[in-house]
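Laboratory data are not the source of any read-out in this text; all were calculated from the coordinates shown. In this text the structure is predicted, and so the values were computed from the model without any measurement. Cβ: placed from backbone, ideal geometry, glycine included. Neighbour counts: every protein chain shown.
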C-alpha cells in the first residue's frame, strides 16, 4: 500500500494558485483588496472568497513567495480556516507536481533482446 505525504507548500505561482482556488469553488479577484485586521483594507495580488464569506488574500513576499493575509477573527471557526487552507495547499501541491511531471518523458534507459527475440526494457 502506498502512502502519500504532502510536505509544507510554499506558494510561488500566482496562476496556479488562482487555478487551484477556482477548482475549489472560490470567487477570485486579481488584484484585489482584503478587509482584515479590524477595519483596515490591504491591497493583495489575489483575493479569494468562499461561499461562507471567508476572505483570504495573498501578496508577494520579499523572497518571491506569496504570503497569506487572513483575518482569523473574521469568523469564529478557526478550525475551519485550517481545513480550508490544508485543502488549498494540498490541491496546489498536487497541481504543481502534475504540472512538473508533464515535461518529464519516461523512456527506457536500457533496451535488450532476449533469446526469443522479444524486446525488453528496463526503466529507471
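A crude spin-label estimate for the pair residue 94 and residue 62, with each label 7 Å from Cα along the Cβ direction, gives 3.6 nm. For the range 14-97, averaging the sequence separation of C-alpha pairs within contact (under 8 Å, six or more residues apart) and dividing by the residue count gives a relative contact order of 24 percent.
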